[in-house]
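As structure tokens, the structure follows; a few thoughts come after it.
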Amino acid sequence: MSTSTGVINTEKFDHKYDDEIVKYFLMATIIWAGVALLLGIYAALELANYKFNLGLQWLTFGRIRPLHTNAAIFAFGGNGIFAGIYHSSQRLLKTRLFSDKLSWFHFWGWQLIILAAAITLPLGLTQGKEYHELEWPINIAVAIVWIAFGINLLQTIRRRKEPHIYVALWFYIATFVTIALLYVVNSIEIPVSWFNSYPVYAGVQDALVQWWYGHNAVAFFLTTPFLGLMYYYIPKAVNKPVYSYRLSVVHFWSLVFIYIWAGPHHLLNTALPEWAQTLGVIFSVMLWIPSWGGMINGLMTLRGSWDKVKTDPILKFLATGTIFYGMSTFEGPLLSLKSVNEVAHYSDWIIAHVHGGALGWNGFILFGMVYYLVPRLWKTELYNKSLAETHFWLGTIGIVIYIVSMWTAGIAQSMMLNAVDATGHLVYPDFVQTVVRIVPLYYVRSLGGLMYFVGYLLMVYNVVKTIKGAPVALAASAKREEANPVLKLDTQALVQESISEGPHRVLEGFPMVMTVLAVAAVLVGTMIELIPMITSTNAQSEEFAAFKVKPLTSLQLAGRDIYVREGCYLCHSQMIRTTVGDVLRYGPASETADSMYDHPFQWGSKRTGPDLARVGGKYPDLWHVRHLLNPRDIVPQSIMPTYSWLLEQKLDLGTIERRFSVLKMLGVPYSDEDVKNAAENAKKDSIAIAEDLVKQGGPQGLENKEITALVAYLQSLGKQTEKR
Amino acid sequence: MSILVLIVPLALLLGLFFVGAFWWGLRRGQYEDLESPKHRMLLEKD
């Protein structure tokens, strides 16, 4: 038994850890990484050249992109963190995982969820909310599997034979708890059919919930568990203790308290109230410090061992991953400043930011972990170390090519879109003019991704060969023991040495002071948020009361649901910001009221194409039909894929009455008659549009086809709100 | 913005949970020894 004072008893413990589950999660990680990367390259090529969409509805960028993000975050990232958490926590707690049954339920449950995503997303069965696209039955499955994971983890912690809970474990706990809360809150939706639902939130409310979830998905799924992994695998890989344990404790707690409030930085310059935006800005900027605390701690652990980093690919991946973490957590706060955000929002700069983090931080930490774990789990040596080195360089260069091309594209496009000449007119009035400029960079980005993928393939080969070559087992572990002798520690002396003097002692020695300060910090945050909300509630209802908003007709609603199904919101925003460039190009800035009945909100987060908030009435119906059938007939340089099936597929009005009644229940002002006549009215409107299209010189036979619904919806945008 | 009536208390609850967790850790002596854990985690055999 180890004690916190006195000399450590180095008697070896005789526990059998469950490493089978770790192996399975690790294999899943490696396999899904390939899927995620391939989907990413494919999506990238689809943007560079519309022909890659192949004219097939299941493969359009709008349906593939969510498949890619879910695969990268939850299939690759998810399995990776589970492998690492299950491996490291057993060893940190000196105890076997609580329940084999839970472990396997967790593993197979997670893979089945991924499979469900792979099937439903290309079919267009989506909630239309980023990183939360999976429909409600799958949401329930995720919650159940997540709870199983949490019970497994927390019970293992409770049964620990090591009394101290190492900092990595605190990160894992924070991950479990916070994701559980966020996921559940963003999952509150009313089912319309088996794979269709409407969130209970709408418009600006939904925007806030979505990004409260979305940013904290980054924080507590892509950051905290990975920081935990970093705190385990870097010291282990270099066989040196963490630089400062105190720092790890401090930055953990500050990170956890600050992250929750950063969500609004996804909604800057939009119709979100000013003070909420400002709050997001402040907390996002504050986040820089605890994040860099983590980075510094991780990198400084390697001080004096840089020679090892030079020769060890594991350390290269872990160290470089930590550097990319530092980069992303500096870029993030920078992007949270309103002036910077004005340039970056909706542009490829955001894509660059995401991928620096995803490929650099998440990817590299997991690759480092793979190279660390495979030889140890299979009790052998890595098949080819220089192959791993090559992987590292290919990956790094790939990432750099990716992010530099996207920084360039984002900033260039943004500058062009906002360029105003001496007479106050837009220099580039046609959106496509800016697209044409950056398409070459889309090819460059695809190359970056391809290089990263090739590096990954080298890893797969290396891992397969390593596992196959297991007989080297005994020699390898003997060699490793030689290189890393078990230390004898005099903890009493260490503790004596570590007792600090002066002002730090005051803070450290008085836990009550720490607690009071922490609570005060949280309360200040609370006051800043609550007081304006309470005092301005009247103003807000006045804000809404100043407008009269028409809800969508049944045909328009059917169209909106097609818009969500096809993923249109992924390339087209519906939120004109209060910036000069936006207003000049698209018209008056969007009001909060405009989207008050949108379940889910359609503000969008990227403009690969123009904003559509006020596109209603701008073009005749026939324009939209021709444009959707073949965008290049209208805009020769368009990169938008064709949507020809919309002219062939019959509009399914089977659930339209239910949709209306669900929305009515959620507060959309439909009458009982509206609900009863929903299907009939939709048919009438569809026929009217089809007849009108023929009169305009368009194709015959479009009555009751999906295209009429989408056109009706597009024509409603910007036309629903009236000032009283 | 009435959604804030939901998510602010929720975020506070979460914050309170973490304050509680911190307090628990403090009480149970998790922060008595901030020196040896980083060394001891290295001792555990792979």
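The values are calculated or read from the model by the stated rules, or taken from the named source; none is laboratory data. Keep in mind it's a predicted model, so treat the numbers as computed, not measured. We place every Cβ from the backbone using ideal geometry, glycine too, and count neighbours over all the protein chains shown.
Residue A:132 meets each of the listed conditions (1) at pLDDT 95 or above; (2) assigned to a helix (DSSP H, G or I) apart from (2). The residues listed here are A:593, A:558; of these, the one that is of a type in the set (Gly, Ala, Ser), at pLDDT below 95 and part of a helix (DSSP H, G or I) is A:593. Residues that are closer than 30 Å to residue A:303 by Cα and more than 16 Å from the chain's Cα centre (by Cα) within the range A:332-361 comprise A:333, A:334, listed in sequence order. Taking residue A:92, is it surrounded by fewer than 23 Cβ atoms within 10 Å (Cβ to Cβ) and not small (Gly, Ala, Ser)? No; evaluated as a whole, the condition is false for this residue.
Answer with yes or no whether residue A:309 is in the same structural domain as residue A:412 (by TED's automatic domain parsing) and under 20 Å from the mean Cα position of the chain (by Cα). No; evaluated as a whole, the condition is false for this residue. Scanning the range A:592-647 for residues that are in contact with an Asp or Glu (Cβ under 8 Å, 6 or more places away or on another chain) and of a type in the set (Lys, Arg) yields one hit, A:626.
The conditions of being part of a helix (DSSP H, G or I), under 25 Å from residue A:446 (Cβ atoms) and touching a Gly at 6+ places or on another chain (Cβ under 7 Å) are met by residue A:398.
A quick yes/no check of all residues on (1) farther than 30 Å from residue A:206 by Cα; (2) among the hydroxyl-bearing types (Ser, Thr, Tyr); (3) more than 7 Å from every other protein chain (Cβ to nearest Cβ):
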position: B:5; (1), (2), (3): no, no, yes
position: B:8; (1), (2), (3): no, no, no
position: B:12; (1), (2), (3): no, no, no
position: B:17; (1), (2), (3): no, no, no
position: B:20; (1), (2), (3): no, no, yes
position: B:27; (1), (2), (3): yes, no, yes
position: B:34; (1), (2), (3): yes, no, no
position: B:39; (1), (2), (3): yes, no, no
position: B:43; (1), (2), (3): yes, no, no
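Considered as a group, the residues in the range A:180-201 that are among the polar types (S, T, N, Q) and not in a helix (DSSP H, G or I) include one that is nearest to the other protein chains (Cβ to nearest Cβ), and that residue is A:187.
Scanning the range A:136-174 for residues that are among the β-branched types (Val, Ile, Thr) and assigned to a loop (DSSP other than H, G, I, E, B) yields one hit, A:165.
When A:177, A:204 are checked against the criterion of being over 19 Å from the mean Cα position of the chain (by Cα) and part of a helix (DSSP H, G or I), a single residue qualifies: A:204.
Counting the residues of the range A:278-324 that are touching a residue at least 12 places away in the same chain (Cβ under 8 Å), of a type in the set (Ser, Thr, Tyr) and farther than 23 Å from residue A:268 by Cα gives 4.
Consider the range A:576-602 and keep the residues that are hydrophobic (A, V, I, L, M, F, W, C) and farther than 18 Å from residue A:550 by Cα. The one that is surrounded by the most Cβ atoms within 10 Å (Cβ to Cβ) is A:576.
Using the structure shown, decide if residue A:600 is over 29 Å from residue A:53 (Cα atoms) and outside any helix (DSSP H, G or I). Considered against the rule, which asks whether it is over 29 Å from residue A:53 (Cα atoms) and outside any helix (DSSP H, G or I), residue A:600 comes out as no.
Pairing each residue of the range A:363-392 that is assigned by TED's automatic domain parsing to the domain that holds residue A:84 and within 14 Å of residue A:232 (Cα to Cα) with any residue that is in a helix (DSSP H, G or I) and of a type in the set (S, T, N, Q), provided the two are 6+ apart or on different chains, yields C-beta distances under 8 Å for A:365/A:322; A:366/A:29; A:370/A:29.
For the range A:130-153, residues that are in contact (Cβ under 8 Å) with a residue 40 or more places away in the chain and either closer than 24 Å to residue A:235 by Cβ or within 14 Å of chain B (Cβ to nearest Cβ) (or both) total 1. Among residues of the range A:608-628 that are outside the structural domain of residue A:44 (by TED's automatic domain parsing), those with a beta-carbon under 7 Å from a residue that is surrounded by fewer than 17 Cβ atoms within 10 Å (Cβ to Cβ) and assigned to a loop (DSSP other than H, G, I, E, B) at least six positions away or on a different chain give the pairs A:614/A:587; A:616/A:719; A:617/A:719; A:620/A:696; A:621/A:696; A:622/A:696; A:622/A:697. Would you check if there is a residue in the range A:661-668 being closer than 25 Å to residue A:57 by Cα, assigned to a helix (DSSP H, G or I) and in contact with a Phe, Trp or Tyr (Cβ under 9 Å, 6 or more places away or on another chain)? Scanning the range A:661-668 turns up no residue that is closer than 25 Å to residue A:57 by Cα, assigned to a helix (DSSP H, G or I) and in contact with a Phe, Trp or Tyr (Cβ under 9 Å, 6 or more places away or on another chain).
How about the range A:693-710: which of its residues are out of contact with any strand residue (DSSP E or B) (no Cβ under 8 Å at 6 or more places or on another chain) and either under 25 Å from residue A:566 (Cα atoms) or of a type in the set (Phe, Trp, Tyr) (or both)? Those that are out of contact with any strand residue (DSSP E or B) (no Cβ under 8 Å at 6 or more places or on another chain) and either under 25 Å from residue A:566 (Cα atoms) or of a type in the set (Phe, Trp, Tyr) (or both): A:693, A:698, A:699, A:700, A:701, A:702, A:703, A:707, A:708, A:709, A:710.
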